[in-house]
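What follows is a single structure, written as structure tokens, with notes after it.
What follows is calculated from the coordinates using simple rules that are stated; it is not laboratory data. All values reported here derive from a predicted model rather than from experimental measurement. Note that we place each Cβ from the backbone using ideal geometry, even for glycine, and neighbour counts take in every protein chain shown.
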Amino acid sequence: MAERDLFFFERSTHRLDSLEACVKNRPPDVKRIIFLIGFMGSGKSTIGPILANTIGYNFVDLDVAIEHREGKKINEIFSERGEQFFRSIERTVLEEIAARADKTIISLGGGTIANEETLRYIKSTGIVVYLKISEDQIYKRLHAKGDRPMLRDENGTLLNGEPLMAKIRTLLDKRTPYYDRADIIMHTDDKKIGMTIDELTKHLRGLIET
Ligand code: S3P
């Protein structure tokens, strides 16, 4: 295995001590990027800007960048062009942002990493932080919101009650194996935002250059 591959392989471990060693010894061309991942409603867009402010990083929300580029809301992109089109735009915009980013937190959509190639790409480009919440919390946070196309049925009608819970479970089952490969896994259920920020800052200290 080439030295560079070994570096990335080692860094994919969940153990923070080896992550620390690997990040400190990283090759100079590796960028200072933190990717925030997690299911819809996990708090990526809320926690991201506060964490960025705390550690002196920039913040970019991938969904906002996609909307800006397309001149349309995510819901409209899904209803007019479908999920496959959205996923290809999502990947293109992600790479464009990451190519220019330095000392930046990039918040991804809940489904961005449900793809082996994309997950490998972000793991080789930065530190991946997973904000993990339970299916009950997800339901509570999302059941009254209409801005998530993945939580609509095939006719575009908003899901609620048992069908919504079933959809959340199906997506979680499919995505959890990808989420679980993050470098840092932060449980956010019932945790105040300030506490999450404090814990993340502690974990990241020593792993990032500020
Ligand atoms: C999606 C999550 C959304 C957005 C799009 C698809 C998903 O982002 O990218 O609606 O597949 O889970 P958030 O996780 O920020 O809601």
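Here's how it looks for SER134: its modeled amide H is under 5 Å from those of ASP189, which are all 5 or more places away or on a different chain. Sorted fewest first by neighbouring Cβ atoms within 10 angstrom, ILE66, ILE208 come out as ILE208, ILE66.
Take the Kirkwood radius over Cα pairs of segment 111-210, plug it into Stokes-Einstein at 20 °C and 1.002 mPa s, and you get 139 µm²/s for translational diffusion. Residues in segment 100-113 carry Karplus couplings, in order, of 9, 7, 8, 6, 9, 9, 10, 8, 9, x, x, x, 4, 8 Hz; the curve used is 6.51 cos²θ - 1.76 cosθ + 1.60 with θ = phi - 60°, and Gly or Pro positions show x. Couplings 3J(HN,Hα) for segment 39-53, derived from phi with the Karplus relation 6.51 cos²θ - 1.76 cosθ + 1.60 (θ = phi - 60°), are 5, 3, x, 7, x, 4, 6, 8, 6, x, x, 5, 4, 4, 4 Hz, where x marks Gly and Pro.
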